[in-house]
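Just so you know, all these numbers are worked out from the coordinates, no wet-lab data involved. Just so you know, these numbers come straight off a predicted model, no measurement behind them. Cβ coordinates were reconstructed from backbone atoms using ideal geometry, including for glycine residues, and neighbour counts include every protein chain displayed.
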Amino acid sequence: MIPFDVLVAICLLYVALLFGVAFLAERRAAMGLGGWLRSPAIYTLSLSVYCTAWTFYGAVGYAARSGLEFVTIYLGPTLVFIGWWWTLRKLVRIGRTQRITSIADLISSRYGKSNALGVVVTLIAVVGTTPYIALQLQSVTLSFAVFAPGGAVPWAIRDLNSSALTVAAGLAVFTILFGTRNLDANERHHGVVTAIAVEAVVKLVALLAVGIFVVWGIGGGVTATLDRIETSPLAGMPIQPGRWIGLTFLSAAAILTLPRMFQVLVVENEDERHLATASWAFPAYLMLMSLFVVPIAVVGLAEMPPGANPDLFVLTLPLAHGQDGLATLAFLGGFSSATSMVIVAAIALSTMVSNHIVMPVFLKLTATGATMSGDVRKIVLRARRVSIGGVLLLGYLYYRLSGGSEALAAIGLISFAGVAQFLPALLGGILWRGATRAGAITGLTLGFAVWAYTLFLPSFGQGGVMGAALLAEGPWGIGWLRPQGLFGMDGLDPLVHAMVFSMGANVLGFVTVSLASFPNPMERLQAAQFVNVFDHSAPGQGWSQGRAEAEDLLLMAQRILGPDEAQGLFQRAAADQGKQGFLPDITPEFLQRLERELAGSVGAATAHAMVSQIVGRSAVSVEDLMKVADETAQMMEYSSQLEAKSEELARTARQLREANEKLTELSVQKDAFLSQISHELRTPMTSIRAFSEILMAGDGMGPGEMRNYSRIIHEESLRLTRLLDDLLDLSVLENGQVSLNAQEVALPDLIDRALAATVGLQGGLAIRRDPAAERVRLMTDGDRLSQVFINLISNAHKYCDASAPELTIRVREGRDGVAVDFVDNGSGIPEKSQAIIFEKFSRLSDHRKAGGAGLGLAICREIMARLGGSIVYLPGQGGAAFRVSLPRARAQAA
Amino acid sequence: MGRAPPFLAREGYRRRRLADMARLLPLVGLALFLMPALDARDGLSAPMLIYLFGAWAGLITVSAILARRLCRSGAMDDSDGPQAEGP
């Protein structure tokens, strides 16, 4: 046997090596060189904190006592991991997007950032984990005792206690050094994780080495060992189906809910892809860890003297065969198992305690707000360090109290059943939007109470906490309330009994209260984000428009994140908003982002509380909630709004373009009008001036000539007057200044009047009328209307180019009004000109021949518009055709 | 969730079926692991050990193949973070 001092030296060397590894890893990570530190292999190995000293030593003891049952502790996690696509993936995604720092943070954050829940979960976690830490201390101490001077002579209790204290203190120092170096838990503890990965390799190699030595060195090969198993006292040891199923379930729950597992699985996760590797690599690790357990147990039972502690076979078997090196390796393996578990558990618990108990209390005490002076980071870190010390101290005290005598497996299972109480709140939280805070608190409290009553307190033994009478006969002699036989179910195994009742009460309370209660807006917001984490990639709005001062927020963020990081965060946010400097606008998005960053350091509930202290209210408005509550509807609404908006924009643009075109056109028209009008005025003026000059010169001019010239001057001035009259008429009409003299008139009279007025012009134009159809009485301005008719008739006279010109006047009564068509038998108006004939000064043929200024139809159009009707060119009638329409309101049947 | 088309291209279809297999695997595992409880009377024996570890190893192998194919098919692509290959 190797001397005890040498063993201690090796142990210290090993610890120094771990320190070195952790230190180097931290340094590499800080320098950004952490390539292999972030590999799936490290992640998978770090998950091995599941395999504690309970696995390393205890599994063999468990197998020696209960046969195959030990394997259920590894089957449950295997199922959870190969089923990673169901829950683990979602859990890790939620952990990353919400910057979750612990399982208490996850549950508190899911249920509306409720700190009450955070406290409940933290307390249960501490109570559930303390025995487990005690177990690790015990196993390390026992393994030291094996090597103690004197060999077979057991250590005195005092020695055991002092070594347990030393181990606890050493672990506290290591954890504080590497676990509280940085505050942001999401920056991850590279040093610790790497050291744990090294320990994972050591314990696997050690157990495999012992196993190989036992099978091939002692057992004589695989077949021989299998034969030994068949003939051993373990062979045929029956399986209890209840315990088998129950323990598989319990271990599956524990892998999700153990605080230390949550820490390495979710919080320390670097990349979701690592989970894909771990999904098979971690079950493989578990399988290798349990592969040689039965052979070691069987060989140990056969080889070791009766009464030897089967929990220590891993250590004592090699020692008994003089394999000092192997025994030392096994010792280091066990030491690694225990220390890695304690370190991670202490980090996880201290994070929970500082974020959910110390920080809220601190915030309450300094009610003036987080902006007051003092570095919050220091306080958080100090809280964590004290918590780590406290957790280890609790473990040590439990070890002292429980006397360190129980079988290892029992404590482990009690702890598992305790933390399994998180399962309904956890799974319900990520899978069911209807789960509420009240439900979660009820379920957790009920489950925890039943667990404590039926399993935890009785585990201290008769007379420990519960008296023998209480255990045997129930409180006040009420038999059906006996801790280990609720409702008379004494036939069950105590563990299965406790599990069924605690989980039953938990689930029942959780579901019933969830269904009956109504969640507050924050809960519903968080529920949507957690349950639909794969859909809601964008963070939901937790803040309505803030009224906070950016400077106050920066002040607070600096205290928690440190000046550099906080300033960087604010600067980036400002840059994203297109601003310069360090103070972004306080938008809801920014508040959300800031809160999430803070949550990575102090947990969601505390971060929320701190931000709301400054912003002044922690409200989610109903509008915000409605927006998030139905993302699909919102997206659809949004996109349809966008569509409508863009359509509206397009419409406006089109209208603008049209208006612009019209304006341009009008301006061109105005120019054309001006030049036209000056031209039209100038032509008669020129001839008037010329002939008046001739007349003035006057000599040698005959009276005939003089009369002729005067006549021309007279005609030209008449033309000028007519033109000016028309222009005046048009401008009066266009400006709407005309006063209409509406009266009842008979249409035939109007047509008669028009024909009579144009009789001098008609010449050879034959008029065709249908007097029967014309018998319509109208309520309109007869003078104006006949002006239109006169214009049309004279046009027909002027422009109809048929050899026997003919004008047909048709009157048609329609549903909407009366239409009067003037159709001649000429060649009509070419299609391209039809659009411009109603414009001013538009004349299709030579204007001399027409003798007008081209204002007639323009005036007609204006008159008809005033009368509420219209005049249009009617194509396809075999000649020029115009339709004058009058609305029904002004047309009445005669 | 966006309005996904009702039918997927071959690649997308494969990916969905791979995910289905990943979901189904733990149920298969559960059935395999509960077998010993059905045969409780016989208890621990060498064949039972061989069966249990054989089933375990088989599950791990299938899970490893599935995980690799899921990663390669891009089913994890909705996750951020750097690319990483298994060891």
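Annotations
- Fewest-first sequence of A:H679, A:H321 by Cβ atoms within 10 Å of each Cβ: A:H679, A:H321
- Point-to-point label distance, A:R382-A:M701, nm (Cα→Cβ direction, 7 Å offset): 12.2
- The phi torsions of the range A:815-821, fed into the Karplus equation with coefficients 6.51, -1.76 and 1.60 and a -60° offset, translate into couplings of 5, 8, x, 10, 10, 10, 9 Hz, rounded to whole numbers, with Gly and Pro shown as x.
- Listed by chain and number, the lysines whose alpha-carbon sits under 17 Å from that of A:K798, ignoring those within fewer than 8 places in the same chain, are A:K849.
- Packing-based exposure ordering (other Cβ within 10 Å, fewest first) of A:V15, A:V266, A:V294: A:V15, A:V266, A:V294
- Scanning residues 5 or more positions from A:G817 or on other chains, those with amide H under 5 Å from its amide H are A:R888, with H placed 1.01 Å from N in the peptide plane.
- Pair-distance profile P(r), taking every C-alpha pair of the range A:633-734, with 5 angstrom steps and integer %: 3, 10, 11, 11, 9, 8, 7, 7, 6, 5, 4, 4, 3, 3, 2, 2, 2, 1, 1, 0
- Length gained on full extension, A:S639 to A:F23, computed as 0.36 nm times the residue gap minus the Cα-Cα distance: 216.5 nm.
- For the range A:591-606, the Karplus equation 6.51 cos²θ - 1.76 cosθ + 1.60, evaluated at θ = phi - 60°, returns couplings of 4, 4, 5, 4, 4, 5, 4, 5, 4, x, 9, 10, x, 5, 5, 5 Hz by residue, with Gly and Pro reported as x.
- Rounded D (µm²/s) - the range A:684-825, Kirkwood Rh over Cα pairs, Stokes-Einstein at 25 °C, 0.890 mPa s: 134
- Sorted by Cβ density within 10 Å, fewest first, the residues A:M341, B:M21: B:M21, A:M341
- Spin-label model, A:D783/B:L34: points 7 Å from Cα along the beta carbon direction are separated by 10.5 nm.
- What the phi angles of the range B:24-35 give under the Karplus curve with 6.51, -1.76 and 1.60, with θ = phi - 60°, is a coupling list of 6, 3, x, 5, 4, x, 4, 4, 5, 6, 8, 3 Hz, glycine and proline written as x.
- 10 Å Cβ neighbours from other chains, averaged over peptide A:76-87: 6
- Residue by residue along A:526-535, Cβ atoms of other protein chains within 10 Å of the local Cβ number 1 on average.
- The range A:237-330 - Debye-derived log10 I(q)/I(0), Cα point model, q = 0.20 Å⁻¹: -1.06
- Amide proton proximity set for A:V776, modelled H, under 5 Å, gap of 5+: A:L747
- Normalised by 2.2 N^0.38 Å, where N is the number of residues, the C-alpha radius of gyration of chain A stands at 1.72.
- Semi-axes of the equivalent ellipsoid for the range A:4-419, computed as √(5λ) from the eigenvalues of its C-alpha gyration tensor and ordered from largest down, come to 36, 23, 20 Å.
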